[in-house]
1. Quick one: of the DSSP bridges fully inside the chain, what percent are antiparallel, nearest 5?
2. How big, on average over all directions, is the shadow cast by the Cα convex hull of region 1-144, in nm²?
3. For Lys297, go through the lysines and keep the ones whose alpha-carbon is under 25 Å away, minus same-chain ones fewer than eight residues off.
4. Springs between alpha-carbon pairs under 10 angstrom, Gaussian network model over the chain: which of Arg229, Arg149, Arg94 fluctuates most?
5. Starting from the Cα of Phe22, step 7 Å along the direction of its Cβ; do the same at Asp222; then give the gap between the two resulting points in nm.
6. Considering only the other residues whose Cβ falls under 14 Å of the Cβ of Gly310, what net charge follows from Lys and Arg at +1 and Asp and Glu at -1?
7. With the contact rule set at Cα under 8 Å and sequence spacing of 6 or more, what percent relative contact order holds for the chain?
8. Given DSSP loops and a limit of at most 13 other Cβ atoms within 10 Å, what is the longest stretch of the chain that contains no such chymotrypsin sites (Phe, Trp or Tyr not before Pro)?
Amino acid sequence: MTDLVLSVENISKTYKYSSLGFRQQNIFALDNISFKLRRGQTLAIVGESGSGKSTLARLLVGCDNPTTGKIFIEEQDVFELSKSDQKKQFKKIRMVFQNPYSSLNPHARIGTTLEEPLKINTNLSSHDRKLAVKHALKRVGLREEHASRFPHMFSGGQQQRIAIARALILNPDVIVADEPLSALDVSVQAQILNLLMDLQEELKISYVFISHDLGVVEHISDQVLVMYRGKLMEYGEVDQIFDHSKHPYTRKLLSSTPSYRHTVNYKFKKIDPEFKKLANLKSGCVFASRCSYAEEKCIDEVPKTRFLKGHRVTCHWPRED
Ligand SMILES: Nc1ncnc2c1ncn2[C@@H]1O[C@H](COP(=O)(O)OP(=O)(O)OP(=O)(O)O)[C@@H](O)[C@H]1O
Ligand code: SF4
Ligand SMILES: [Mg+2]
């Protein structure tokens, strides 16, 4: 069994968009993203709204295809496979959504919802499927009698437990969790987080964990990938990103989190409004109009992603201080 469960090489996703009377435009939702995820590890994806996190999540579970690039599941290039084998490979990666209630069928009993993937993807007998459902419910801290209830009869936290049970039922290698805590009461968030961490310990499952909460990200991740407008800004081990971030955007994100312990260390110069205007007109670094370290080169030339002391940074002038 390989240690590398998921790797992504240079994937991009472009949407075509046109509104009445206007020419078709391209939306570059993802541009040249790469990462590797090992068994039992957590990769956090962070970045402000619209940076392409959910687009990436959809590609990882096979709900959508990248425009270019490769996805390897256990070192198998999935797009080299037939459609049916691709589907089998993508079964190893399951998704947990932000809003548990809307991710569950309101008209189906929980037992039916949990049994469905087993019916479609396995040859288990009805008896064995029911046993698997009971086991999955127990594993997420629910009781077997919950199988006969409907989603609205549960609290938000319990609904998210059910969504996690559904993700687990086919024994996946990876769970992609797209802001799994943000729709829950603060008091429940820690319980769900603890559940995810216990499951990782027990099952050696890997997570792609999308979150705006940098406190949580720092607590649970092994690696962090920072995105801005579809591009990789910085990617590396969690300590490198939090203690030695080199990208101005990462530093800005960290500074905008009041509880973050290093906030005080980063100082930002005011950006000249004329420079800002110019940066918006030109197509150099996507972050140039908001970057207080930007120079002429930044608005003229797209920075390349470079490898620096164990992590990757897309910037002409990575910070060393
Ligand atoms: N189906 C689609 N068609 C056209 N554009 C899309 C589509 N899906 C996403 N986009 C665009 O791609 C970009 C990235 O969107 P995405 O939802 O992945 O961001 P996100 O990082 O998940 O944001 P948030 O933090 O708000 O959830 C946005 O500009 C969005 O408008
Ligand atoms: S390339 Fe220039 S504008 Fe972009 S993040 Fe680096 S310093 Fe800032
Ligand atoms: Mg999203």
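Laboratory data are not the source of any read-out in this text; all were calculated from the coordinates shown. As the structure is a computational prediction, the values presented were derived from the model and not from experiment. FYI the Cβ positions are ideal-geometry reconstructions off the backbone, even for glycines, and counts take in every protein chain you see.
1. Rounded to the nearest five, the antiparallel share is 60 percent.
2. 12.1
3. Straight-distance partners of Lys297: Lys231, Lys246, Lys252, Lys267, Lys269, Lys270, Lys276, Lys277, Lys282, Lys309.
4. Evaluated over the chain, the most mobile residue of the options is Arg149.
5. 4.3
6. Residues close to Gly310 contribute a combined charge of 0.
7. 19
8. My reading of the result: 23-267 is the longest stretch.
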